[in-house]
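Report on one structure; see the data block that follows.
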Amino acid sequence: VEQADGSYREVDTASDGTTEVFTSDANSFSDKFTDVDGSYTNTWNNTDGSSGVDTGDASGTQFTSSWTHADGSTGTDDADTATGETSGSRVYADGTSGTYDELTLADGAHEEKLSYVDIDGNTTSYDTVTQADGSYVKIVAASDGSFKNETFDAAAGEDSGTGRQPDADYAVAWDNKTLANGSSDAAQTLTYDDGSTYSTDKVTQVDGSSV
């Protein structure tokens, strides 16, 4: 059926109960095939050069999308509504790429995993678990040897962890916390590759003075 604005929609139903729906307008065209069990495949193209394929399974819980953008970047996205998990991958036009995976855990916490590859092949991965109260554990690791492992306790107001910057000759450990009287305590230890260490511990009072 062609509309006054030039858009078009056609529905074909086969004797076996499957359907195919064609739609188009000035900017896009799609062809959606739906099986008798409810699963579907939707193929689409846009006038800007982007295109893709979307699918859904018979249960209505599993969805997949694969696409190409006009700039040549590509990606996939997967979603499972039964578990709440979403994941996917990207390859960008500049040659970089990445993946993601997000999941709600049994205790209501949320986990997000990300990875990134730059044009030189260097990789960085991130894994963050965030609790309902805002507390989190974050792990970052890179192929250049740098890393960061951080824990934040929202109830205690404490942030601690370890890390190392690329090309550094030491690793750092820190523990920053709020004390009972409202003052803050910032402790840090540097551990050098030769085994030597350097530590500091600074307590700052609510009036700004420190020791």
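The values are calculated or read from the model by the stated rules, or taken from the named source; none is laboratory data. Remember, it's a predicted structure, so these values are computed and weren't measured experimentally. With ideal geometry, Cβ positions are generated from the backbone for all residues, glycine too; neighbour counts draw on all protein chains shown. These accessible areas exclude ligands, DNA and RNA; they are computed on the full protein's heavy atoms, side chains included. Shrake-Rupley method; radii C 1.70, N 1.55, O 1.52, S 1.80 Å.
Out of THR124, THR99, which single residue is closer than 25 Å to TYR136 by Cβ and either among the basic types (Lys, Arg) or touching a Lys or Arg at 6+ places or on another chain (Cβ under 8 Å) (or both)?
Numbers: THR124 fails: either among the basic types (Lys, Arg) or touching a Lys or Arg at 6+ places or on another chain (Cβ under 8 Å) (or both).
The match here is THR99.
Cβ separations smaller than 6 Å between residues 6+ apart or across chains give the following pairs from the stretch 101-122 residues that are over 16 Å from SER135 (Cα atoms) to residues that are among the hydroxyl-bearing types (Ser, Thr, Tyr) and part of a loop (DSSP other than H, G, I, E, B): ASP118/THR96; ILE119/THR96; ASN122/SER143. Residue count for the stretch 44-78 under the criterion of being aromatic (Phe, Trp, Tyr), open to solvent by 40 Å² or more (accessible area, probe 1.4 Å) and either under 23 Å from the mean Cα position of the chain (by Cα) or at pLDDT below 95 (or both): the result is 1.
Here is a check on your reading of the model: is ALA93 out of contact with any Pro (no Cβ under 8 Å at 6 or more places or on another chain) and either open to solvent by less than 50 Å² (accessible area, probe 1.4 Å) or under 28 Å from THR41 (Cα atoms) (or both)? I'd like the intermediate steps shown before the answer.
Values: out of contact with any Pro (no Cβ under 8 Å at 6 or more places or on another chain): yes; either open to solvent by less than 50 Å² (accessible area, probe 1.4 Å) or under 28 Å from THR41 (Cα atoms) (or both): yes.
Yes, satisfied.
Scanning the stretch 17-37 for residues that are closer than 19 Å to GLY60 by Cα and aliphatic (A, V, I, L, M) yields a total of 2. Set side by side, the residues ALA106, ALA156, ALA187 differ, and just one is over 25 Å from ASP80 (Cα atoms) and at pLDDT below 95, which is ALA156.
Note on the stretch 102-123: among residues that are polar (S, T, N, Q) and within 13 Å of the chain's Cα centre (by Cα), the one that is nearest to SER89 (Cα to Cα) is SER115.
Of the residues examined, VAL206 is one that is open to solvent by 60 Å² or more (accessible area, probe 1.4 Å) and among the β-branched types (Val, Ile, Thr). So GLY98 fits all but one of (1) in a strand (DSSP E or B); (2) small (Gly, Ala, Ser); (3) open to solvent by 70 Å² or more (accessible area, probe 1.4 Å); what number is the exception? Failing condition for GLY98: (3).
Taking the condition of being touching a strand residue (DSSP E or B) at 6+ places or on another chain (Cβ under 6 Å) and loosely packed, with under 15 Cβ neighbours inside 10 Å, how many residues in the stretch 150-161 meet it? First the steps, then the outcome.
Pass one, the stretch 150-161, residues touching a strand residue (DSSP E or B) at 6+ places or on another chain (Cβ under 6 Å): 150-152, 157-161.
Keeping just the survivors that are loosely packed, with under 15 Cβ neighbours inside 10 Å gives 157.
Counting residues in the stretch 150-161 that are touching a strand residue (DSSP E or B) at 6+ places or on another chain (Cβ under 6 Å) and loosely packed, with under 15 Cβ neighbours inside 10 Å gives 1.
When the stretch 132-143 is filtered for residues that are open to solvent by 50 Å² or more (accessible area, probe 1.4 Å), assigned to a loop (DSSP other than H, G, I, E, B) and at pLDDT 95 or above, only SER143 remains. Filtered by the rule that a residue be within 15 Å of the chain's Cα centre (by Cα) and either outside any loop (DSSP other than H, G, I, E, B) or modelled with pLDDT of 95 or more (or both), the stretch 81-95 gives GLU85, THR86, SER87, GLY88, SER89, ARG90, VAL91.
Hey, could you check the stretch 162-186 for residues that are of a type outside the set (Lys, Arg), part of a strand (DSSP E or B) and within 23 Å of GLN205 (Cα to Cα) and say which is least open to solvent (accessible area, probe 1.4 Å)? Restricting to residues being of a type outside the set (Lys, Arg), part of a strand (DSSP E or B) and within 23 Å of GLN205 (Cα to Cα), the top hit is ASP185.
Can you say whether ASP107 is open to solvent by 70 Å² or more (accessible area, probe 1.4 Å), in a loop (DSSP other than H, G, I, E, B) and over 30 Å from PHE152 (Cβ atoms), as far as the supplied structure shows?
no
Within the stretch 110-124, the set of residues being part of a strand (DSSP E or B) and open to solvent by less than 50 Å² (accessible area, probe 1.4 Å) comprises GLU111, SER115, VAL117, THR124.
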